[in-house]
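**Q** Can you read through this structure? Questions will come right after.
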Amino acid sequence: MTESNGSTSPERGGDMPDWEKRFRAPRVSLPDWAEDAPHRSLFVSNATGTYELYAWDRTTGEQRQVTDRPNGTTDGLLSPDGEWIWWFDDTDGDEFGIWRRQPFVPGDPGAASGTDEPAAPGLEPSYPAGLAIGRDGRTAVVGRSTDQDGSTIHLVRAGQDPMEIYRHRESAGVGDLSRDGSLVVIEHTEHGDAMHSALRVLRPDGWTVAELDDTKGGTVELGLEVLGFAPVDGDTRLLIGHQRRGRWEPMVWDVATGEETDLALELPGDVAAEWYPDGSALLIVHSFEARSELFRYDLATRELVRVPTPPGSVSGATARPDGTVEYLWSSAAEPPVVRSTSGEVVLDPPGMRAPGSVPVEDVWVEGPGGRIHALVQRPAGARGPLPTVFDIHGGPTWHDSDSFAAGPAAWVDHGYAVVRVNYRGSTGYGREWTDALRHRVGLIELEDIAAVREWAVSSGLADPERLVLTGGSWGGYLTLLGLGTQPDAWTIGIAAVPVADYVTAYHDEMEALKAMDRTLLGGTPEEVPERFEASSPLTYVDAVKSPVYISAGVNDPRCPIRQVENYVDRLTARDAVHEVYRYEAGHGSLVVDERIKQVRLELDFAERHLGEVTSGI
């Protein structure tokens, strides 16, 4: 066994490899903007080497760093008046903490000398469960989650004690606050299905105004999600997402009258939406077969007009008051950029540019549950069979797409083919595909991965003697589970922040994830022990033949460190080949140097066990 805890100096200067440049190149998120002060924006960037929040005054062009913490900060929100920035303050990535705020302009009247201050005094630390800030910046609705209390939602007013307006043991969170502050909508799972939420609209005093629940009355439970109240004073229309036709689609629900306006857009994939600022139209984001596109939908005429974007993926979009649309776009071959329909690049960070990579190829493979979509990248001009990395996405309710990803690109640079599988459980292929993994958790996903592996080998793409199974979070879980249940299929495994011992993970993880596990497996470890056992990598650890590399954050509340140690102890007890890297953060790292170090260690592990594929790392 080898354990790594030291630091590795990054390569600098002109000899820095492209894979490292992709991580170091400054990136920015899609800027959020204040409803009543659209010239004020908030975005996330890694410009200092750590992902932090930045304020941007579009009128003056001034940008300033808002947060500065050793392990980074990404959770923040602007008040609608543009006066305050709220951000979530946890401890070294453990996701347990409080909301703080600071003025958009340091030193503004009413601010505490321009410094951060508790935004919701009187609320104890918790896991966050949504936040909605009132138009005046002095009122907010704060969601909390703790092991002791379950989910609670509080009305916070400046100068007053927080008032609890909701409490339940099951998971729930703040959806939105109406523009005039008279209505609060929450997503809840009181029915016990954490994968499918119902909606409840409350007055600020906690009195229920309206409810919508698609989990009742049918043979199949369907979910709802909040997309936002209409941005117009006194308007009681709420934009929501529903699954009534087997995929996510938007609908307008008037919470005062109960009227539901079905948009019936007839697009084949999942559809999300947000309001245009005057409430007359919707900005539609259509995701289909790992790519996305934008439309404008006029509510009066029901006209759907395409908003031109390049082929690839839009990972965020917003309609501005002047009618333009800003969006964050990328493809597997081209790095992300914030663009506008005006033709401009909205936010162009200074410094190094990220090198491009190779495009993805679409592959469809027949599997035990239907056609499986996989995305394949290979070094330019390379012919198989190649050493091949199966890079498995997390979630599990997520999907890989034709978007820029520095991790897969690093493997390609080193001569590997990369295969990413949108297994059953992935989003973007309809509700039945996403919901298919219940009870046989992990095993169903691995059936699909095995089918794609068989295609990769039989097609001549992959060298069966040099196959890497890897992933982070749920992908790390599937990696360890795959090494134990398919021990002859994989040459090595590389698991980042994984679930390794499902029972211990359940008892140690944050409350919202306990609820998800009860939904996926049909109960607690005490109620359905056979299902937890069947789905736990620890059950099969003695069957693992391949060298294993594991990295884990010691403060991780999602895949806690104790259950990782249990798995490592079992590997150690039988002298199995493995290496472990522990780092001082939570579920991954927001520090660029740390992320580069982890990738370098993974590449080095693969080279030592598979042989050198290209020149040095």
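The values are calculated or read from the model by the stated rules, or taken from the named source; none is laboratory data. Since this is a predicted model, take the numbers as computed values, not measurements. No Cβ is skipped: glycine too gets one built from the backbone with ideal geometry, and neighbour counts run over all protein chains shown. Surface areas here come from the heavy atoms of the whole protein model, side chains and all, with no ligands, DNA or RNA. Shrake-Rupley method; radii C 1.70, N 1.55, O 1.52, S 1.80 Å.
**Q** Please go through region 89-109 and pick out each residue that is open to solvent by 60 Å² or more (accessible area, probe 1.4 Å) and part of a strand (DSSP E or B).
**A** Once the filter is applied, which keeps residues that are open to solvent by 60 Å² or more (accessible area, probe 1.4 Å) and part of a strand (DSSP E or B), region 89-109 yields only ARG100.
**Q** Considering region 495-518 alone, what residues qualify as being surrounded by 21 or more Cβ atoms within 10 Å (Cβ to Cβ) and β-branched (Val, Ile, Thr)?
**A** Once the filter is applied, which keeps residues that are surrounded by 21 or more Cβ atoms within 10 Å (Cβ to Cβ) and β-branched (Val, Ile, Thr), region 495-518 yields VAL497, VAL499.
**Q** Return the total of residues in region 344-372 being hydrophobic (A, V, I, L, M, F, W, C) and more than 20 Å from SER313 (Cα to Cα).
**A** Final tally of qualifying residues: 2.
**Q** Starting from region 432-447, keep only residues that are closer than 12 Å to GLY369 by Cα, then list their pairs with residues that are modelled with pLDDT of 95 or more and aromatic (Phe, Trp, Tyr) whose Cβ atoms are within a distance under 7 Å, requiring at least 6 positions of separation or different chains.
**A** GLU445/TYR423
**Q** Next question. Criterion first (in a strand (DSSP E or B) and in contact with a Pro (Cβ under 8 Å, 6 or more places away or on another chain)) does GLU293 satisfy it?
**A** no
**Q** I need a count of the residues in region 441-494 that are open to solvent by less than 40 Å² (accessible area, probe 1.4 Å) and part of a strand (DSSP E or B).
**A** 11
**Q** Quick one: in region 542-559, which of the residues that are within 18 Å of GLY442 (Cβ to Cβ) and under 23 Å from the mean Cα position of the chain (by Cα) is surrounded by the most Cβ atoms within 10 Å (Cβ to Cβ)?
**A** CYS559
**Q** Go through region 523-560 and give me each residue that's charged (D, E, K, R), closer than 27 Å to MET195 by Cα and either in a helix (DSSP H, G or I) or at pLDDT 95 or above (or both).
**A** Of everything in region 523-560, those that are charged (D, E, K, R), closer than 27 Å to MET195 by Cα and either in a helix (DSSP H, G or I) or at pLDDT 95 or above (or both) turn out to be GLU526, GLU527, GLU530, ARG531, GLU533, ARG558.
**Q** Same structure, new question: Hey, among THR572, THR524, THR539, which residue is out of contact with any Pro (no Cβ under 9 Å at 6 or more places or on another chain), hydroxyl-bearing (Ser, Thr, Tyr) and open to solvent by less than 50 Å² (accessible area, probe 1.4 Å)?
**A** When all the criteria are applied, what remains is THR524.
Quick grid of which residues meet (1) buried (at least 16 other Cβ atoms within 10 Å of the Cβ); (2) part of a loop (DSSP other than H, G, I, E, B):
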residue	(1), (2)
ASP205	no, yes
GLU211	no, no
GLU221	yes, yes
LEU227	yes, no
VAL232	yes, yes
ARG245	no, yes
GLY258	no, yes
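**Q** From GLY428, GLY394, GLY407, GLY415, which residue is on the phi < 0 side of the Ramachandran plot and either in a loop (DSSP other than H, G, I, E, B) or modelled with pLDDT under 95 (or both)?
**A** Checking each option against the conditions leaves just GLY394.
**Q** Consider region 347-369. How many of its residues are assigned to a strand (DSSP E or B) and open to solvent by 30 Å² or more (accessible area, probe 1.4 Å)?
**A** Matching residues across region 347-369 total 4.
**Q** Could you grab the pairs with beta carbons closer than 6 Å, sequence gap of 6+ or different chains, first residue in region 563-575 and over 15 Å from LYS545 (Cβ atoms) and at pLDDT 95 or above, second one buried (at least 18 other Cβ atoms within 10 Å of the Cβ) and among the acidic types (Asp, Glu)?
**A** Hits for this filter: GLN563/ASP501; ASN566/ASP501; TYR567/ASP501.
**Q** Select from region 136-161 the residues that are surrounded by 19 or more Cβ atoms within 10 Å (Cβ to Cβ) and under 20 Å from LEU78 (Cα atoms) and list them in ascending order.
**A** GLY137, ALA140, VAL141, VAL142, GLY143, ARG144, ILE153, HIS154, LEU155, VAL156
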